[in-house]
Protein chains: 2
Amino acid sequence: MLRTFDMGDWIWLSRTLGEEKAVNSQNKSFNIACPAPTADTGYIKLGHGSGGRMTEQLIEQAFLPALSNKILAEKEDASVVPLTADRLAFTTDSYVVSPIIFPGGDIGSLSVHGTVNDLCMRGAKPLYLSAAFIMEEGLCRARLETVVNSMRDACVESGIQLVTADTKVVNKGCADELFITTSGIGIIERQFVPSVSSAEEGDVVICSGDIGRHGMAIMAARAGLDLENTIESDSAPLNIMVDRLAEIGVSLHVLRDVTRGGLAGVLNEIAQASQVGIEIEELQIGVVDQVRAACEILGLDPLYVACEGRLVAIVKAVDEAIALEILRNSPHGQNAKTIGRVVAEHPERVVMRSRVGGRRIVDKLSGEQLPRIC
Amino acid sequence: MLRTFDMGDWIWLSRTLGEEKAVNSQNKSFNIACPAPTADTGYIKLGHGSGGRMTEQLIEQAFLPALSNKILAEKEDASVVPLTADRLAFTTDSYVVSPIIFPGGDIGSLSVHGTVNDLCMRGAKPLYLSAAFIMEEGLCRARLETVVNSMRDACVESGIQLVTADTKVVNKGCADELFITTSGIGIIERQFVPSVSSAEEGDVVICSGDIGRHGMAIMAARAGLDLENTIESDSAPLNIMVDRLAEIGVSLHVLRDVTRGGLAGVLNEIAQASQVGIEIEELQIGVVDQVRAACEILGLDPLYVACEGRLVAIVKAVDEAIALEILRNSPHGQNAKTIGRVVAEHPERVVMRSRVGGRRIVDKLSGEQLPRIC
């Protein structure tokens, strides 16, 4: 590390092909710039983040074959896209999940689903995506390509278009394989925008499926849990089901995807922002057996475990039947259920009626239950 | 680390206040979830990334006081913003600069300037910004707040509004203090959009100031170079000067900010994309003495060193005088100069006439000259 020398120390400086070395008066040698290897070794090197020829080659070989479209291929500083709406939705999320590839998905599909879902939770139609990659020196190219290909598939399924991207490389040990930050733009074509603060007394609380799969898939993969059946992440885009709900005119007071903080976190946010109470029924909340088993082994409560392909919809009671029918006929919504209702009592509190009939407050989690699950 | 046990191993599991421990049959104890410390120690902990109460507190204490506005304070999954244009510019960049605070700026101001500049290089008016923070466990809160405050100042100077954000925390050693990814949306109100592929024979090449300060400021700070005068980064927003150029009707064929790859990188990209030759004059390219000295010590060529507040404008020759006058009267443009011209000869090549009259090809850099300068 170059830290405390001053000019007087320097006696020799050489520039060899692609590698710069300096020797100080103690005859210790330092690298002052990174080697610029010419051979492709199958791993990411610092030179791939230079903005020079190696960056260009990496983008052309690892990113563009999977992701290219007319706009992205222009390689401009900013992409110019058409838009016809007077309001848009804009969102961003960083993904730091570990491991980056897990049963049911990887950091690539996750980063697309997460942003698509955040957009459609505001009633927006997802249109344009940006992706910024922070790669650790030494990242395996084959793993990067798996991730990039699954981003492409996720973009195709959800109908969003990746239009602008960035790549950075940091020294080995300064990141953990790969972080991806996606931002998304969607257009809002309808008058009413669902909001976390729009739940009303009498509304029903619908969840689009069983909970906890994503978090437990990651946790089981990370811990090497030897379960009878592998838990697959529920990571999925939710925009198609939201589109169908909105088209038919369901009163979507609140839409929220169940991510960090789990179902309990989401319901608490809604109760607080809308100044209402929420009552849920434990028996109506779907948790598949493997998830329940893994949670029991690890001492976790499924209510706090993240999903990445489930939503909570809070709708007028009169719309309950039609909303459930639409959800159950949509991809990723087969097991939708009404799990509770919005009440005037205990504002800002979520209360659960348990299997055995008792009632308990479902509080927000204070710290971290599962780190780096998204 | 929990890796290879199976269910049978487990004999004891306790949940103590905020910390979960498991003991296996070999009587080894593991943490299965992160501690959820209640006291504020002045450093970031994993629990701050949970999406629970600690995340909420961190956002309210460290981010919202500096950055809050009506839209951000809604704390929705995606922000809804008004927009009146039929085209917009969209861009993203991750910032991984080390050190995160340096003479003349920090990763916060840099991440705003970089995205504002990418937008205005397409002739767009920067409107909305997103910011995603990846924080390393143990990050000093005071340093985070310095960065966040300087983001606010940079937003104010450039007139962009931060409307959506995300925070993640990764384990100590899995990131390097702080990475920030910003994305930006701008509206395009004019018919002609500058593009890297629009340089034409006969155009003049203008650079808005001296080059290399940002890269050498970072490098000198990192290496602890003991220079007579500290080199300050040139990091700055360029949208005001671009606005003025466009308003007066200067023919902006190409606008490009000089970042990774330096002036040589940018000019090579333009020559390639526009299928033209570019000739530059070494004598016209501003390099301040400290930057030249630091470059000589470290064996670097200023032509390849990044700036973060300089642009190259390629305009019709008839507009040269007015463009220079506007730039020199704009903030951050006092030292604007014509540095060369676009020629029909040697397409895709940049050629420099040196101080002593010789001519040499200025090629693109292959690997990394200075890692992690942005």
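Here are some notes:
- Residue tally, condition more than 7 Å from chain B (Cβ to nearest Cβ) and either over 13 Å from A:ILE160 (Cβ atoms) or of a type outside the set (Ser, Thr, Tyr) (or both), over region A:86-117: 19
- Selection status of B:LEU255, crowded, with 18+ Cβ neighbours inside 10 Å, aliphatic (A, V, I, L, M), closer than 25 Å to B:ILE188 by Cβ and more than 10 Å from chain A (Cβ to nearest Cβ): no
- Here B:ARG213 fulfils each of the conditions (1) among the basic types (Lys, Arg); (2) buried (at least 24 other Cβ atoms within 10 Å of the Cβ); (3) at pLDDT below 95 apart from (3).
- All positions within region B:58-85 that are among the charged types (D, E, K, R), more than 7 Å from chain A (Cβ to nearest Cβ) and closer than 16 Å to A:PHE90 by Cβ: B:LYS70, B:GLU74, B:LYS75
- Across region A:355-374, the number of residues qualifying as over 23 Å from B:ARG53 (Cβ atoms) and of a type in the set (Gly, Ala, Ser) comes to 2.
- Hits in region B:216-237 (condition: under 19 Å from the mean Cα position of the chain (by Cα) and away from chain A (no Cβ under 11 Å)): B:MET216, B:ALA217, B:ILE218, B:ILE231, B:GLU232, B:SER233, B:ASP234, B:SER235, B:ALA236, B:PRO237
One line per residue, one yes/no per condition, for (1) under 22 Å from A:GLY309 (Cα atoms); (2) at pLDDT 95 or above; (3) among the β-branched types (Val, Ile, Thr):
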{"site": "A:LEU162", "(1), (2), (3)": "yes, no, no"}
{"site": "A:VAL169", "(1), (2), (3)": "no, no, yes"}
{"site": "A:SER183", "(1), (2), (3)": "yes, yes, no"}
{"site": "A:ILE187", "(1), (2), (3)": "yes, no, yes"}
{"site": "A:GLN191", "(1), (2), (3)": "no, no, no"}
{"site": "A:VAL196", "(1), (2), (3)": "yes, no, yes"}
{"site": "A:ALA199", "(1), (2), (3)": "yes, yes, no"}
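- Of all the listed residues (B:SER130, B:SER208, B:SER183), the sole one being buried (at least 24 other Cβ atoms within 10 Å of the Cβ), more than 9 Å from every other protein chain (Cβ to nearest Cβ) and touching a Leu at 6+ places or on another chain (Cβ under 9 Å) is B:SER208.
- Scope region A:168-200; condition assigned to a loop (DSSP other than H, G, I, E, B) and either within 30 Å of A:GLY277 (Cβ to Cβ) or among the aromatic types (Phe, Trp, Tyr) (or both); matching residues: A:ILE188, A:ARG190, A:GLN191, A:PHE192, A:VAL193, A:PRO194, A:SER195, A:VAL196, A:SER197, A:SER198, A:ALA199, A:GLU200
- Residue ranges of helices (runs of 4 or more DSSP H) in region B:51-125 with at least 2 members surrounded by fewer than 24 Cβ atoms within 10 Å (Cβ to Cβ) and modelled with pLDDT under 95: B:53-58, B:64-67
The values are calculated or read from the model by the stated rules, or taken from the named source; none is laboratory data. The model shown is predicted, which means the values in this text are computed figures rather than measured ones. Note: ideal-geometry Cβ built from the backbone for every residue, glycine included; neighbour counts use all protein chains shown.
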